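Structure first, commentary second.
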């Protein structure tokens, strides 16, 4: 009975997170209440509070869930025999991120999460400071670290010039990825996202590689 109760609680928690993501993405984080979430699920507001003590706690849990999901999806794209980002080169990581972008725009929860992050959260508001810091420091997503490590690997192996800053390259690559994925989801992109992203990463690679890289 205890196991069943725990499983039911976990299912309810998952339903609350899914409902919150949908409402946050459509109405905005500020304008969505626990009553809205509860009514959507046909449960009481108290039941939502039982799982999450505040709306910010719910948002933090949602960020954790979605970042963990994105990381799992990226790890599924690792080359055969690889179990981490440690030994990868820049072109391999770039290819993984392109394929991950294609997967995200085909996933309803993934697109809703991007809309939430880019359009429905007031990041400048002081109340969002804790959430912003948590998001920026969250290492479970992994792509920024993967790009950084790949460039470090390539420098060590002589494929990338020694004067290249891996942190700067990783930041540029993630900014490109994030901007193109959001533009595609928001229907602001008039060209093919996958092809554009591949060409952008090819350009980055051409600018940092050695003659024999």
Next item on the list: Please name all residue pairs, on different chains or six or more residues apart, with Cβ atoms under 9 Å, provided the first residue is in segment 192-213 and is on the phi > 0 side of the Ramachandran plot and without any contact (Cβ under 8 Å) to a residue 60 or more places away in the chain and the second residue is buried (at least 17 other Cβ atoms within 10 Å of the Cβ) and not in a helix (DSSP H, G or I).
Entry: none
Notebook entry, point to check: If you go through segment 64-103, how many residues are surrounded by 18 or more Cβ atoms within 10 Å (Cβ to Cβ), under 30 Å from residue 32 (Cβ atoms) and in contact with a helix residue (DSSP H, G or I) (Cβ under 6 Å, 6 or more places away or on another chain)?
Noted result: 4
Notebook entry, point to check: For residue 195, are the conditions met, namely being surrounded by fewer than 17 Cβ atoms within 10 Å (Cβ to Cβ) and in the same structural domain as residue 97 (by TED's automatic domain parsing)?
Noted result: yes
Notebook entry, point to check: What number of residues in segment 170-191 are surrounded by fewer than 17 Cβ atoms within 10 Å (Cβ to Cβ), more than 15 Å from residue 90 (Cβ to Cβ) and in contact (Cβ under 8 Å) with a residue 12 or more places away in the chain?
Noted result: 1
Check: If you go through segment 83-98 one residue at a time, do you hit one that is modelled with pLDDT of 90 or more, under 12 Å from the mean Cα position of the chain (by Cα) and not assigned by TED's automatic domain parsing to the domain that holds residue 28?
Finding: yes
Next item on the list: Give me a count of the residues in segment 133-150 that are at pLDDT below 70 and in a helix (DSSP H, G or I).
Entry: 5
Note to self: Looking at segment 100-120, I want the residues that are assigned by TED's automatic domain parsing to the domain that holds residue 14 and farther than 18 Å from residue 76 by Cα and have a partner that is surrounded by fewer than 18 Cβ atoms within 10 Å (Cβ to Cβ) and at pLDDT 85 or above with Cβ atoms under 8 Å, at least 6 apart or on another chain. Which pairs are those?
What the structure shows: none
Item checked: Conditions (1) in the same structural domain as residue 132 (by TED's automatic domain parsing); (2) closer than 26 Å to residue 182 by Cα; number of the one not met by residue 80 -> (2)
Item checked: Top-ranked residue of segment 1-55 - restricted to ones that are in a loop (DSSP other than H, G, I, E, B) and more than 26 Å from the chain's Cα centre (by Cα), ranked as farthest from residue 119 (Cα to Cα) -> 1
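The values are calculated or read from the model by the stated rules, or taken from the named source; none is laboratory data. Just so we're clear, the structure is a prediction, and the values are computed from it rather than from any experiment. Heads up, the Cβs are rebuilt from the backbone with ideal geometry, glycines too, and the neighbour counts pull from every protein chain shown.
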